[in-house]
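Here the structure is laid out as C-alpha cells; the discussion comes afterwards.
The values are calculated or read from the model by the stated rules, or taken from the named source; none is laboratory data. Please read all numbers here as calculations on a predicted model, not as lab measurements. Ideal geometry is used to build each Cβ from the backbone, glycine not excepted, and the neighbour counts take in all protein chains shown. Heavy atoms of the whole protein, side chains included, go into the accessibility calculation; ligands, DNA and RNA do not. Shrake-Rupley method; radii C 1.70, N 1.55, O 1.52, S 1.80 Å.
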Amino acid sequence: MFENLTERLSRTLRNVRGQAKLTEDNIAETLREVRLALLEADVALPVVKDFVAAVRERALGQEVLRSLTPGQVFVGIVQKELEAVMGEVSPGLELSAQPPVVVLLAGLQGAGKTTTVAKLARYLKEREKKSVVVVSTDVYRPAAIEQLHTLAKEVGVDAYPVEAGQRPAEIAEAALQRARIAQQDVLIVDTAGRLHVDAEMMDEVRELHRRLHPAETLFVVDAMTGQDAANTAKAFNDALPLTGVVLTKVDGDARGGAALSVRHITGKPVKFMGVGERTEALEPFHPERIASRILGMGDVLSLLEEAERKIDKEKAEKLGKKLKKGKGFDLEDFRDQLQQMRNLGGVGGILGKMPGMQGMADAAQAQLGDGSIGRMEAMINAMTPAERRNPDIINGSRKRRITLGSGTQVQELNRLLKQHKQMQKMMKKMGKKGGLNNMLRGMGGRMPPGGMPPMNF
C-alpha cells in the first residue's frame with residue numbers, strides 16, 4: 001500500500017537526507033517535489049497546503065539550520081508532520097461503557113461495511129477477548145443479512161436473526177435487547193448503504209443512532225476513492241456524530257490520499273484499516289507506523305506484533321530445540337516456515353514492513369506469492385519422509401517422480417532445493433533460535449549478518 005507515494009517521497013527526500021547544509025532554495029525545491037507527490041497521491045488540496053506550510057515553517061527555523069545533520073532533521077520533520085496530519089495518536093475503541101457496548105457502522109454501498117463488521121467482530125473476540133453479537137439492518141440489499149450471518153459463522157460470533165418485514169430500527173432495538181439478556185459484551189450494527197449520500201439514508205442512520213446511543217459510530221470508506229473518501233466522510237460527519245473512520249481496501253491503494261486526508265478534513269481519527277479480503281485482515285491504524293511506511297522506513301513493530309499472533313509458537317520452539325541440538329534444518333521445517341510466511345501476508349507482506357525493502361516487496365510477492373508458496377508446499381508434500389529429512393538424496397529419477405506427483409517442473413524443484421539451502425545458512429546466522437518469528441525479532445529493524453540472502457525471485 002502507498003507504493004506510489006512511498007516511491008516518490010523516498011526519492012525526493014533521499015536527495016536532501018545526506019546534505020550537510022540546507023538553504024531556503026533547496027528546502028523550497030524539495031517542498032515543491034513533496035507537494036507534487038502528495039497531489040499525485042490524491043491527497044486533498046487543503047491538506048497538502050497545510051502540510052507543506054507546516055513543514056516549511058519548521059524547516060526554515062533554527063531546528064534545521066543549526067543542526068549538524070540538517071538533511072536528517074528535515075526528513076524527521078516530514079515524518080512528524082505526516083503523523084500530525086493522520087492524528088499523532090491511535091485511539092482504540094471505547095469499550096468501557098455499560099455492556100453491551102454498541103458499535104454502529106455507516107457508509108456508502110460497496111465500501112465493505114458488512115465485511116468490516118465481521119473483521120471487527122473477529123478482532124474484538126480474538127484480541128480484546130469480548131463476546132460479540134452482530135446484526136444487519138440492511139433490509140434493502142438482497143442477501144445482505146444472509147451474507148453477515150455467513151461471515152459471523154466463519155468468525156465464530158452470534159448473529160441476530162432478522163424476521164421478514166421488520167424495519168431497521170425495530171431490528172436494531174430487538175438485537176440490543178437480546179444482547180442484554182445474553183450478557184454479550186459488544187453489539188455491532190451493520191447499516192444500509194447507498195450509491196451516494198441522500199436524505200433518506202441519513203434519516204435512517206440518524207434514527208438508529210438516536211435509539212441505540214452507540215459508544216462508537218464508525219464511518220466505513222473505501223481508501224481507493226482517494227480524496228472523495230474524505231469528502232464523503234465529511235458529509236457523514238456533518239449529519240452524524242462520528243467517533244472514527246475505518247479505511248477499507250488499503251492493500252489496493254497505491255496512492256494513500258484517503259489515509260492522509262480523512263483525519264484532517266473530518267477531525268475524526270482513523271481507527272482501523274482493512275488490508276485484505278480475509279476476516280483477519282484488519283489492523284489498528286497507527287499514524288506513526290503509517291508515516292514510517294510512507295517514508296520507506298518500514299514498520300517492524302507491526303510485523304513483530306503480527307508474528308506474535310500468527311506464528312505457531314509450539315512449532316517455533318520445537319524447531320529452536322532441534323537446531324540447538326545441532327540437527328539440520330530439513331525440508332519439513334522449510335515447509336513450516338513457508339506456511340508461517342503465508343500467514344504473515346507472504347514474502348511481499350513481510351518485506352513491505354521492513355526498512356529499505358519496500359522496493360523489493362512487489363517483485364518478491366509476484367514471484368513468491370501464495371500461489372508459488374502453494375506449489376513449493378506441493379513439491380515437499382510429494383517427497384518421501386526420507387527425502388524431506390535428507391534432500392541430498394534427491395537425484396534425477398527422484399526429481400521426476402516428485403514433479404510428476406506435484407504437477408510442477410524440474411526447474412521449480414531445483415529452485416526450491418536451492419532456496420532451502422539458503423534458508424539453512426540463514427538459520428545458522430540467526431543464532432539457531434527457532435525460525436521465522438525469532439528471525440524477525442532478531443532483525444529488529446536491521447538486516448542479518450551479511451544482509452538478506454538472495455532468494456532467486
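With the cut-off at 23 Å, tell me which of the pairs LYS130/LYS271; LYS49/LYS113; LYS113/LYS268; LYS119/LYS153; LYS80/LYS113 have Cα atoms farther apart than that.
LYS49/LYS113; LYS80/LYS113
Return the distance in nm (one decimal) between the two label points of a simple spin-label model at GLN98 and ASN381, each offset 7 Å from Cα along Cα→Cβ.
5.3 nm
Taking θ = phi - 60°, what integer Hz values does the Karplus form 6.51 cos²θ - 1.76 cosθ + 1.60 yield along the stretch 191-205, in sequence order, with x for Gly and Pro?
Running phi through 6.51 cos²θ - 1.76 cosθ + 1.60 with θ = phi - 60° gives 10, 6, x, 10, 6, 8, 5, 9, 5, 4, 4, 5, 4, 5, 6 Hz.
Under a 1.4 Å probe, what is the accessible area of the stretch 202-241 per residue, stated in Å²?
On a per-residue basis, the stretch 202-241 sits at 39 Å².
What order do ASP251, ASP336 take when sorted by accessible area (1.4 Å probe), most exposed first?
The residues order as ASP251, ASP336, largest area first.
Can you work out ³J(HN,Hα) from phi for every residue in the stretch 385-396, in order, using Karplus 6.51 cos²θ - 1.76 cosθ + 1.60 and θ = phi - 60°, giving whole Hz and x for Gly and Pro?
Per residue, the Karplus-derived 3J(HN,Hα) values read x, 5, 5, 5, 6, 9, x, 5, 7, 6, 9, x Hz.
Mind listing the long-range amide H neighbours of GLY244? Cut-off is under 5 Å, sequence gap 5 or more, other chains count too, H placed in the peptide plane at 1.01 Å from N.
THR217, PHE219
Considering only protein heavy atoms and a 1.4 Å probe, what is the carbon-and-sulfur percentage of the accessible area of the stretch 219-285?
The computed percentage sits at 47.
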